[in-house]
Amino acid sequence: MGREDRPVISLATVRIVGPSMEPRLRNGEVFLVALRAAVKPGDVALLQHPERPELLTVKRVVRREAQGWWVEGDNPQESTDSRQFGAVTPESIRGRVLFRLRPLFRRPTTARRSGG
């Protein structure tokens with residue numbers, strides 16, 4: 001396979017704004033995205049918001065439906081997602097979130113234990 005035969009992977013970065021994907025993806029963090037990459041259930045995707053086309057948003061892909069992809073935020077109390085606007089079209093999916101770039105390391109959240 002020659003160099004010209006290899007697929008080109010386009011990459012971008014995205015900054016998380018808001019709490020809809022917490023605790024996995026936190027407000028202010030920056031992630032690397034593979035643009036035009038295929039998604040499957042369980043992936044985190046960058047997508048064009050169906051009700052606000054000028055807005056890109058990040059949601060978890062839950063399942064494939066006849067109308068497209070069902071997507072949800074990890075924090076249901078803070079997320080506007082397919083539970084409100086239904087499945088998104090495959091064309092709305094802009095890419096797959098690969099991994100966190102910044103911060104490179106973060107402190108884990110600690111749960112308080114009751115009792116002794």
Of the residues GLN77, GLN67, which single one is closer than 19 Å to ILE16 by Cβ and of a type outside the set (Gly, Ala, Ser)? GLN77
Please go through region 55-98 and give me each residue that is free of Cβ contacts under 8 Å to residues at least 60 places away in the same chain, more than 21 Å from LEU35 (Cβ to Cβ) and among the polar types (S, T, N, Q), ordered by number. GLN67, ASN75, GLN77, SER79, SER82, GLN84
Within region 1-50, considering only strands (runs of 3 or more DSSP E) that don't extend past its boundaries, which have at least 2 residues that are small (Gly, Ala, Ser) and more than 20 Å from GLU65 (Cβ to Cβ)? 10-15
Subset of region 36-77, residues of a type in the set (S, T, N, Q), surrounded by fewer than 19 Cβ atoms within 10 Å (Cβ to Cβ) and in contact with an Asp or Glu (Cβ under 9 Å, 6 or more places away or on another chain), comes to GLN48, ASN75
Filter region 79-100 down to the residues that are assigned to a strand (DSSP E or B) and in contact with an Asp or Glu (Cβ under 8 Å, 6 or more places away or on another chain) and list them by number. ARG96, VAL97, ARG100
Where the second residue is in a loop (DSSP other than H, G, I, E, B) and the first is farther than 18 Å from ILE16 by Cα and lies in region 28-45, which pairs have Cβ atoms under 8 Å and are six or more apart or on separate chains? ALA37/ILE9
So which of GLY95, GLY68, GLY86 is touching a helix residue (DSSP H, G or I) at 6+ places or on another chain (Cβ under 6 Å) and either small (Gly, Ala, Ser) or within 15 Å of THR13 (Cβ to Cβ) (or both)? GLY68
Within region 66-78, which residues are closer than 17 Å to GLU51 by Cα, part of a loop (DSSP other than H, G, I, E, B) and under 12 Å from the mean Cα position of the chain (by Cα)? GLY73
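Throughout, read-outs are computed from the coordinates displayed, never taken from laboratory work. For clarity, every value in this text was computed on a predicted model and none was experimentally measured. Note that we place each Cβ from the backbone using ideal geometry, even for glycine, and neighbour counts take in every protein chain shown.
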